[in-house]
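The values are calculated or read from the model by the stated rules, or taken from the named source; none is laboratory data. Source: prediction; values computed, not measured. All Cβ positions, even for glycine, are placed from backbone atoms using ideal geometry, and neighbour counts span all protein chains on display.
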Amino acid sequence: MFTNTLKIRKKPMTKRLRAWLFIAISVVVMSFALAPMMRALIGIDEKIQMNFFTVVTLLIGGLMCGLTGMILLIRKPQQLSYQESPIDPSQKRSAAGLHLSALLIFTCIPLLNFFVCYWYWLKARDTSSFLDYHGREALNLQVAVYLYLLVSLFLAYIFVGVLMVMLVLMFTIVVSVYAAIQATRGEWFSYPASMAIVSRQGRPPLKTAP
């Protein structure tokens, strides 16, 4: 019995280690690709010191590793049970923050938006079914956005992808802000065009506190 328990504990630990390894590789590769652009943007270099297609190739490789790590990390989370309670204003604000973390993608720090959202969801999800649900939705959006960016970067080789990247980023702004507004109203918002990578728990019939 002790051996079986050890095996059960070892599987999730190995899964998490693989996930963080993929994520670490992703951060290193994407940082290497984005560094020349940031240096040119803040005026350190007069122009980007890296070929456009090299940057795109590195970003594709980094995103593929990042998506693999994110999916390994967040798939099949523990199902929690809650006692029914009203949704208070602090929960609404926290849920809005989970959605707005998607905007950290514009810092150009690789996967920062995912790290912030994932950390805060882990911290808050066992306190409220409302926060657990919104955290899952926010993480599903993060993964969907990176997947759309990956497809756009493949198309960047024929330059169509540059326009698609801009459209994906605009979509991210619009839907994350709208989701945050819905969360502050106590609504159980579900993103359009996102995939349930993190399994969604049902919406209990909670009442909003006045």
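Laid out as a table, the results:
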| item | result |
| --- | --- |
| Any hit, segment 79-95, residues being part of a helix (DSSP H, G or I), of a type in the set (A, V, I, L, M) and outside the structural domain of PHE52 (by TED's automatic domain parsing) | yes |
| Filter pass, LEU80 being at pLDDT below 90, within 26 Å of SER194 (Cβ to Cβ) and of a type outside the set (D, E, K, R) | yes |
| Criterion: under 22 Å from PHE154 (Cβ atoms) and either touching a strand residue (DSSP E or B) at 6+ places or on another chain (Cβ under 9 Å) or among the small types (Gly, Ala, Ser) (or both) - qualifying residue of GLY97, GLY69 | GLY69 |
| Meets criteria (more than 21 Å from MET195 (Cβ to Cβ) and either assigned to a helix (DSSP H, G or I) or charged (D, E, K, R) (or both)) for MET64 | no |
| Where SER128 falls short, out of the listed (1) of a type outside the set (Lys, Arg); (2) under 21 Å from THR172 (Cβ atoms); (3) without any contact (Cβ under 8 Å) to a residue 60 or more places away in the chain; (4) touching a helix residue (DSSP H, G or I) at 6+ places or on another chain (Cβ under 6 Å) | (2) |
| Extreme residue, farthest from PHE154 (Cα to Cα), among residues of segment 36-62 that are loosely packed, with under 14 Cβ neighbours inside 10 Å and at pLDDT 85 or above | ASN51 |
| Test for HIS99: is it buried (at least 22 other Cβ atoms within 10 Å of the Cβ), at pLDDT below 95 and either in a helix (DSSP H, G or I) or of a type in the set (Phe, Trp, Tyr) (or both) | no |
| Verdict on THR14 being in contact (Cβ under 8 Å) with a residue 24 or more places away in the chain and over 17 Å from ILE105 (Cβ atoms) | no |
| TYR157 being modelled with pLDDT under 95, touching a helix residue (DSSP H, G or I) at 6+ places or on another chain (Cβ under 9 Å), in a helix (DSSP H, G or I) and closer than 20 Å to CYS65 by Cβ | yes |
| Looking only at segment 102-148, and only at residues there that are among the small types (Gly, Ala, Ser) and part of a helix (DSSP H, G or I), the one that is farthest from the chain's Cα centre (by Cα) | SER129 |
